[in-house]
Amino acid sequence: MPRPWPRSKSSSRPMSSPLELVWHAGAIREYSELLKRRKNRAAVRRCVEQQLLAVASNLELARRWEGPADVLIYRFQCEDDGVKLPIQVVLEPLPNGKLGVEACGTILL
């Protein structure tokens, strides 16, 4: 079952973006595993959140996957104590102005 985007710690309101991000269970597990292996979890988390908010504001940053499912692939890099992490997020446009996060993890280049 999809989960809403995490709320900001500084307020009780959800983080605002033009498209509301909805995390699917598999993406939450992958993201959790990604953060477990990082030295600077806060910096990686902040980078991923910023990138997701950017792509939610401008879907043209992502590439449409040519396959049976209507999903978008968005790749970016975050740094973990000087090491660049290539990260890929699989996004699914949902009805009512929502964007589903299907997967989120590191990839091999």
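Listed values, structure above:
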item: Any hit, region 55-66, residues being over 13 Å from the mean Cα position of the chain (by Cα), surrounded by 15 or more Cβ atoms within 10 Å (Cβ to Cβ) and in contact (Cβ under 8 Å) with a residue 12 or more places away in the chain; result: no
item: Top-ranked residue of region 55-89 - restricted to ones that are among the acidic types (D, E) and either in contact with a helix residue (DSSP H, G or I) (Cβ under 8 Å, 6 or more places away or on another chain) or under 19 Å from R37 (Cβ atoms) (or both), ranked as modelled with the lowest pLDDT; result: D81
item: Residue check, V48 in contact with a Cys (Cβ under 8 Å, 6 or more places away or on another chain) and within 13 Å of Q88 (Cα to Cα); result: yes
item: Residues located in region 34-53, provided they are loosely packed, with under 14 Cβ neighbours inside 10 Å and either closer than 14 Å to Q77 by Cβ or touching a Leu at 6+ places or on another chain (Cβ under 7 Å) (or both); result: R41, R46, Q50
item: Index of the failed condition, V71 passing every other in (1) among the aliphatic types (A, V, I, L, M); (2) touching a residue at least 12 places away in the same chain (Cβ under 8 Å); (3) within 15 Å of T106 (Cα to Cα); result: (3)
item: Yes/no for V101 being out of contact with any His (no Cβ under 6 Å at 6 or more places or on another chain), assigned to a helix (DSSP H, G or I), β-branched (V, I, T) and on the phi < 0 side of the Ramachandran plot; result: no
item: Region 91-109 - residue that is in contact with a helix residue (DSSP H, G or I) (Cβ under 8 Å, 6 or more places away or on another chain) and of a type in the set (A, V, I, L, M) and, of those, surrounded by the fewest Cβ atoms within 10 Å (Cβ to Cβ); result: A103
item: Residues being among the charged types (D, E, K, R), assigned to a loop (DSSP other than H, G, I, E, B) and free of Cβ contacts under 8 Å to residues at least 40 places away in the same chain - total across region 74-88; result: 0
item: Filter result (part of a helix (DSSP H, G or I), closer than 23 Å to V83 by Cβ and touching a residue at least 24 places away in the same chain (Cβ under 8 Å)) within region 20-52; result: A27, E30, Y31, E33, L34, A43, V44, C47, V48, E49, Q51, L52
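The values are calculated or read from the model by the stated rules, or taken from the named source; none is laboratory data. Small disclaimer: the values here were computed from a predicted structure and weren't measured. Note: ideal-geometry Cβ built from the backbone for every residue, glycine included; neighbour counts use all protein chains shown.
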